[in-house]
Amino acid sequence: MKKLPLLVLTSLFLACKPGQPTVTPTPPVSTTESDVTLKGTAPFPMGASVDPGLLANKSAYRDRVLKEHNSITAENAMKWGWLHPSEKVFDFKDADGIVTFAQQNKMRVHGHTLLWHNGPTWISNFYGDSLAWENLMKTHIETVAGHFKGKVASWDVVNEAFRDNGTLRNGFDTDNSIWAAKLGPDYIARAFRYAAAADPNAVLFYNDYGQEGNPAKTAAIVSLVNDFKKRGIPIHGIGLQMHISLSTNIAGVETALKELTATGLKIHLSELDVNMSNFQKNPALRYSDALAQQQREKYRQVVSAYKKLVPAAQQFGITNWNVGDGDSWIRQLIQPNDWPLPFDEGYARKPAWFGMIDGLKE
Ligand code: XIL
C-alpha cells in the first residue's frame, strides 16, 4: 500500500503551491552540456508541467523548459481551485499566462484537469439537488474547455476516478469522489460529453496513477474505455501519471502499457517522476552516485518501454512532473530532500536525464 500516503498527502496539501526545499542534496553540476535535448531526441512530444510563478520569475527554469520541451501542462493552474475559486468566480490569469508562453514558443498545451475528487472546499459545501450538482459540473467544464478552445490541444477530462482495487471512488471523504456520490457513477461519461461539446477538437483523456503493477485498476480503465466506445462517448486517450520510485517493477509498467495500448487510444505518460524515498518519509535520504545511477536506469526503462510498446500513432508523449528537483511536489508533500526529476535544483542535467535520452534512442 505504498501509494496511500501519496494520496492522502495530495488531498491534504492540494492548496499548496511549490515551496522552497528545506534540505539541499548535492548532485554533480556540469558546466558544459551537449546540444542533445529531450525534445530533439524524442519522436513524440516531450513535456514538463510548469508553475506560472517560476516561469515568470526564474530565467534558468524558463530556459530549461524551452530548451528540452515542446509540450507543457499546468501543474496546478488549470485545476478547479485555481480557475474557479468560488461558485460564481472564474480566474484565468495564471493559466492564460502559461498558454501565452506556450503560444509564443510554439509549444503544445495539455490541459489538466477538468474534474478531480480533489477540489476546493467550496465544492464540498455546495448545496443543491442533483440538477444543481449536474449544472455545477457542466458549467465548469463548458466554461473552462470553452475558454481554452483552440488553445489547448487536449484535456485530462477526469482524473483518478478509480481506487487501486478498481472500484469507483464514490463518497464524501478525502479519498472518495463527491462527483460520483452526487451525480452517480455515469458522471464520467457526461463529463466527457460536455468537454467534447465545448471543444470538439480537443484530445480527451482519462488520467490516473498506479496502473503499473495493478491489474485491477488497469482493467477498470480498459472496461471504462470499452463501455464508452460501445456507447459512442468521446474518449481519445489514457494518461498514466507514472509517479514511480526505484522499487517500481518495469514488468508491471510494460503490462499496463500493453493492455492500455490495446484499446487503440493515445497513451500519455502524463506526470513522470522517479522518487527516491519510495513514497515514504526518509529524512536520511542523501544524493549518491550509486542511487543516481539506479534512477537513471529506471528513467531509461520507462522511456524505452513507452517507445517500444506504444505504436507511433498512439504516442501522445511523455511529460515530466515539473522541471528541477527543487520544484517537485514530492519535496513539497512527501520528502523534502528527495530528488525525483531529470534536472537538479540549478537545472543542470542529472544522470536521470541521460537515462531518458538513452531510452529515447533505443
Ligand atoms: C499535485 C501538484 O504537483 C502539487 O503541487 C499540488 O499541491 C497537488 O497536486 N496526481 C495529479 C496531479 O494528477 O495533479 C498532482 O499534482 C499529483 C498527483
*asked:* Bin width 10 Å, origin at 0, all Cα-Cα pairs of the range 36-126: what percent of pairs per bin?
replied: 16, 44, 26, 12, 2, 0
*Cα-based Rg / Dmax (Å) for the range 305-345*: 13.7, 39
*Per-q log10 I(q)/I(0), the chain, q = 0.07 Å⁻¹ (Debye; single scatterer per alpha-carbon; no solvent)*: -0.27
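Assuming a viscosity of 0.890 mPa s and a temperature of 25 °C, what translational diffusion coefficient in µm² per second does Stokes-Einstein assign to the range 221-295, Rh being the Kirkwood radius over Cα pairs? Working shown, then result.
Values: Rh = 14.6 Å.
It comes out at roughly 168 µm²/s.
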*Anchor LYS281: lysines whose Cα lies under 19 Å away (excluding residues fewer than 8 positions away in-chain)*: LYS2, LYS3
*Find out how many positive minus negative residues lie around ALA189, taking Lys and Arg as positive, Asp and Glu as negative, among other residues whose Cβ is under 14 Å from that of ALA189.*
+3
_Along the charge dipole of the chain, pointing to its positive end and built from +1/-1 on Cβ of Lys, Arg, Asp and Glu, which listed residue (TYR209, ALA60, GLN315) has its Cα farthest out?_
GLN315
*From phi via Karplus (6.51, -1.76, 1.60), per-residue ³J(HN,Hα) for the range 343-352 in Hz, x at Gly/Pro*: 10, 7, 5, x, 6, 7, 5, 9, x, 4
*Three principal axis extents, largest first, for the C-alpha atoms of the range 159-198, in Å?*
30, 19, 14
*Taking the range 152-262 as the region of interest, what is the percent of Cα-Cα pairs per 5 angstrom bin, listed from the shortest bin to the one with the maximum distance?*
2, 12, 21, 23, 20, 13, 6, 2, 0
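Out of the DSSP beta bridges found with both residues in the chain, what percent are antiparallel (nearest 5)? Mind showing how you got there, number by number?
Values: 3 of 39 bridges.
Here the share of antiparallel DSSP bridges comes out near 10 percent.
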*Add +1 for every Lys or Arg and -1 for every Asp or Glu among the other residues with Cβ under 13 Å from the Cβ of THR263, and state the total.*
+2
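At 4 °C and 1.567 mPa s, grab the translational diffusion coefficient of the range 92-225 from Stokes-Einstein with a Kirkwood Rh over Cα pairs, rounded to a whole number in µm² per second. Intermediate values should be presented prior to the final figure.
Numbers: Rh = 15.7 Å.
For these conditions, the coefficient is 82 µm²/s.
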*Under a straight-distance cross-link criterion of Cα-Cα below 20 Å, which aspartates and glutamates are reachable from LYS361, leaving out those fewer than 8 residues away in the same chain?*
GLU33, ASP35, GLU68, GLU254, ASP273, GLU297
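When 1/r is averaged over all different Cα pairs and the result inverted, which Kirkwood radius in Å belongs to the range 272-362?
Numbers: mean 1/r = 0.0742 Å⁻¹.
Kirkwood hydrodynamic radius for the range 272-362: 13.5 Å.
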*Please determine, in degrees from 0 to 90 and to the nearest 10, the orientation of helix 59-68 with respect to the longest principal axis defined by the Cα atoms of the chain, where the helix direction is its Cα long axis.*
90
_What are the ³J(HN,Hα) couplings of the range 219-233, residue after residue, when phi is run through the Karplus curve with 6.51, -1.76, 1.60 and θ = phi - 60°? Round to Hz, x for glycine and proline._
4, 4, 5, 4, 6, 4, 4, 4, 4, 4, 4, 4, 8, x, 7
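Bear in mind these aren't lab numbers, they're just calculated from the coordinates by the rules spelled out. From a predicted model like this one, the values you see are computed outputs, not experimental measurements. Glycine also receives a Cβ, built like all others from the backbone with ideal geometry; neighbour counts cover every protein chain displayed.
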